[in-house]
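Every read-out reported here was derived from the displayed coordinates using simple, explicitly stated rules and does not represent laboratory data. The structure presented is a predicted model; accordingly, all values stated were derived computationally and were not measured. All Cβ positions, even for glycine, are placed from backbone atoms using ideal geometry, and neighbour counts span all protein chains on display.
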Amino acid sequence: MFDIVSFFPRAVVQSVPLLCGSTGETITEKSGNLNLGIPGIMYVGAISGVIGAFFYEQSLKAADKPINTFLGILIPMVCCLIGSLVMGLIYSFLTVSLRANQNVTGLALTTFGVGFGNFFGGSLIKLTGSEVPSIALSATHGCFVHKLPFAKNLGWFGRMFLNYGFLVYISVIIAFVAAYILRHTRHGLNLRAVGENPATADAAGINVGRYKYFATCIGSMIAGLGGLFYIMDYASGVWSNEGFGDRGWLAIALVIFTIWRPNIGVFASILFGALYILYLYIPTGANQAIKEFYKMIPYVVTIIVLVATSMRKKKENQPPESLGIPYFREER
Amino acid sequence: MNKKTKTPFFHIVKRGEIPLWQSIAIHIGALVLALVVCSILTTLITGLNPIKVYATMFEGNFGTERKTWVMLHALAILLGISLALTPGYKMRFWNIGGEGQVLIGCMASGAVMHNHPEIPNALLLILMLVAAMAAGAIWGMIPAFFKAKWNTNETLFTLMMNYVAIQITAYFTIRWEVPKGSGKIGVINQNTMAGWLPKIADQQYLLTIIVVAALTIFMYFYLKYSKQGYEIAVVGESERTARYVGIKVEHVFVRTMAISGALCGLIGYLLVAGSAHTITTTLSGGRGFTGVMVAWMAKFNPILMILTSFLIAFMGNGAQEIASRFYLNHSFSDILTGIIIFFLIGCEFFVSYKLEHNKHREEA
């Protein structure tokens, strides 16, 4: 029968990449930048972490030393953040400084990022000439899934809420902090002003370009962490091409679903994670094909939310007013 | 002047019209830079010298007669999708659902082909075409309807529609899989070749190329000289102006997206009946997204689109050649495509604006 205590944690681990991606994208969109490059950024974040961890593990193997937990986490994490930061900078430079079209830039970034991930994921061993059959960073995976030692003894509560790698908690904390900053601090207010009406924000003395740059880059780095979680925790450190799948696009869908609120995102992402794996639990008997229909649910639900919010026209549930529109001070 | 105020080193000035040669020069300059960066990257990865990189790429595209046809086919499909997306973009309808519209076209024509192989071939091909275009049109019209009626964000809507189409295709792929459990349909009507487009002059791809060539000419005239093309242009420039002069904007949205979707469906039909003869979820292969960039780089001009889609097809096939020679991953082409697009997008800035040193202004 359906077992919530085993189902829930699986939904949670599915939700983390989505949560990171959508928190990052929400922050970005609040500045008025519709960054469709998120799927690419998450790939780059993941592969950057993999490359860092790969070299670290190789050097350990050469020196015949055991992995240092601190470095084993720090190196992939820093590589991941740098990789996604560079992607965010490319996007901001093109759309804010060079005023390029956001959608086209975003799509190009996704093409580039997914290609970058798959290329280095598929060719890293060949390029470095190392003698391993596949990228399996089990030692790094070990560092990333250190769990609370007493979690297993706390019964169902421990298994449902305490038995995860640290990135799960970090992603939830980031989401709540982001929600707080957006709604209750001056910087958040300024950022929202930039996204709603950049001309007014500019007149009020807010540096529009700087806010857009910072929001996009921070958003990218958060999204990149989602890719890192996927590969180091969920996928046990094993890279497989296209393994990350459509989660990047689903994260963008989640932004709409949560009506641009990262705190709702924490719960919504678990719901989406549950929907994402629901097909595994619905008894279908011999009919395998119907499972493919169930995989459609998250997307259909998103469409319904999108249409419903546009029909109700409730002011606080709308996308940022200037979303997708570039801002040129001279063109007012 | 207050000494504490920092004067930026330069400021940005909007250009008026710039001469055509200057705009072309900027674009070519950006392209050359992009190609240089691509070749440096390839050299770093493979150790080939930069000239050899492009020689290899050239061989990958024109090395044999077969490779040339493959390149032309890739060019035709990409160009076709870009053309199909263009009317929507001209009216600033941000449709990134080309992927789904093409795929649902593949799905519809494949379904007819799979379920009714007994119909005479000519009739079957027509039925498949109608099914594909109708399915594509519906896929385009749904987001357009909601955009027209409630101003629902079309970028996100069309994006989601892609996945609905992918899952529908995945569903039927498993229902009709041969053999059971393989997760693939395999070539449909292998023996009877029912629903396969005929070869022209013994070339499998020629008919597809001819159809896309005709589509290019049609689209050029449709956008430039037809009443509907004019309406699209006005709506794209300013919805308010369009309303003022009595254009029914909602009507134009739905109609244009129906046409755009139907043409995407047509490309899906060409893919299934013309070359693949099967249905998979990856038939469109990301070209619904690449098509947006191709069309945008050509400024939505159908004739220029031939050039931009050639560029992307050439780099794609060339990178494939390099990747397979060096046993590298085939996603290499995506990296190069991305780099080229970054440069070509970036250079638009220098067409519309120029940088002026602030010193000049102070002296004057």
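Miscellaneous remarks
- Extension gain for the segment A:TRP156 to A:ALA199, taken as residue separation times 0.36 nm less the Cα-Cα distance, is 10.2 nm to one decimal.
- Ellipticity at 222 nm from helices only: DSSP H runs of n ≥ 4 in chain B, each -39500 (n - 2.57), divided by the residue count, give -24000 deg cm²/dmol.
- Percentage relative contact order, chain B, counting C-alpha pairs under 8 Å, at least six apart: 34
- Diffusion coefficient (Stokes-Einstein, Kirkwood radius over C-alpha pairs, 25 °C, 0.890 mPa s) for region A:210-282: 178 µm²/s, rounded to a whole number.
- Distance from region B:291-341 to region B:158-216 (C-alpha centre basis), Å: 23
- Excluding exposed DSSP-loop trypsin sites (Lys or Arg not before Pro) (at most 16 other C-beta within 10 Å), longest clean stretch of chain B: B:93-179
- Alpha carbon centroid spacing (whole Å) that separates region B:56-128 from region A:3-52: 32
- Placing R0 at 60 angstrom, the Cβ-Cβ distance between A:THR185 and B:LYS180 gives a FRET efficiency of 0.55 after rounding to 0.05.
- The phi torsions of region A:54-60, fed into the Karplus equation with coefficients 6.51, -1.76 and 1.60 and a -60° offset, translate into couplings of 4, 5, 5, 5, 5, 5, 5 Hz, rounded to whole numbers, with Gly and Pro shown as x.
- Annotation note: GluC sites (Glu not before Pro) in region B:74-177 located in DSSP loop regions with a Cβ neighbour count of at most 15 within 10 Å are B:GLU118.
- For region A:186-227: rounded, prolate or oblate by the Cα gyration tensor [a/c cutoff 1.5]: prolate
- Averaging the Cα positions of each part gives two centres, and for region A:143-199 and region A:262-285 these lie 18 Å apart.
- 3J(HN,Hα) along region B:92-100, derived from phi through the Karplus expression 6.51 cos²θ - 1.76 cosθ + 1.60 where θ = phi - 60°, amounts to 6, 9, 7, 8, 9, x, x, 3, x Hz, with x in place of Gly and Pro.
- Here region A:269-313 is scanned for amide nitrogen atoms under 17 Å from the site 7 Å beyond the Cα of A:SER240 along Cα-to-Cβ, giving A:277, A:280.
- Along region A:201-208 the Karplus relation, 6.51 cos²θ - 1.76 cosθ + 1.60 evaluated at θ = phi - 60°, assigns HN-Hα couplings of 4, 4, 4, 7, x, 8, 7, 4 Hz to successive residues, with x for each Gly and Pro.
- Of the chymotrypsin sites (Phe, Trp or Tyr not before Pro) in region A:1-66, the ones in a loop by DSSP (not H, G, I, E or B) with at most 12 other beta carbons within 10 Å are A:PHE2.
- Relative contact order, percent, region A:164-309 [alpha-carbon distance under 8 Å, six or more residues apart]: 20
- In region B:41-199, the alpha-carbon atoms span a convex hull of 189 Å³ per residue.
- Comparing B:MET305, B:MET193, B:MET113 in a Gaussian network model of chain B (Cα springs below 10 Å), the most mobile by mean-square fluctuation is B:MET193.
- Chain A - mean residue ellipticity at 222 nm from DSSP helices (-39,500 (n - 2.57) per run, n ≥ 4, rounded to 500): -22000 deg cm²/dmol
- When the Gaussian network model of chain B links Cα atoms closer than 10 Å, the mean-square fluctuations of B:TYR205, B:TYR269, B:TYR171 top out at B:TYR171.
- Chain B - Debye-derived log10 I(q)/I(0), Cα point model, q = 0.08, 0.09 Å⁻¹: -0.47, -0.59
- Calculated FRET efficiency for the pair B:VAL36/B:TYR353, C-beta based, R₀ 25 Å, to 0.05: 0.60
- Where labels lie 7 Å past Cα in the beta-carbon direction, separation of A:ILE290 and A:PHE166 in nm: 4.5
- Put simply, region A:4-331 fits an ellipsoid with semi-axes of 33, 25, 19 Å; these come from the alpha carbon gyration tensor as the roots of five times its eigenvalues, largest first.
- In range of the label at B:LYS14: residues from region A:161-199 whose backbone nitrogen is under 16 Å from the point 7 Å along Cα→Cβ: A:199
- With a simple spin-label model that places each label point 7 Å from the Cα along the Cα-to-Cβ direction, the separation between A:LEU71 and A:PHE267 comes to 4.5 nm.
- Cα extents of the protein assembly as shown along the three principal axes, largest first (Å): 79, 71, 60
- If the segment from B:SER324 to B:MET193 were pulled out straight at 0.36 nm per residue, it would be longer than the present Cα-Cα gap by 44.0 nm.
- Candidates B:LEU156, B:LEU270, B:LEU129: whichever shows maximal mean-square fluctuation once chain B is modelled as a Gaussian network with Cα springs under 10 Å: B:LEU156
- Once C-alpha pairs closer than 8 Å and six or more residues apart are averaged by separation and normalised to the residue number of chain A, the relative contact order reads 37 percent.
- Estimated FRET transfer efficiency (A:ALA308, B:ASN121; beta-carbon r; R0 60 Å; 0.05): 0.80
- For q = 0.14, 0.18, 0.21, 0.30 Å⁻¹, Debye-computed log10 I/I(0) when each Cα of region A:44-105 counts as one equal scatterer: -0.51, -0.66, -0.77, -1.09
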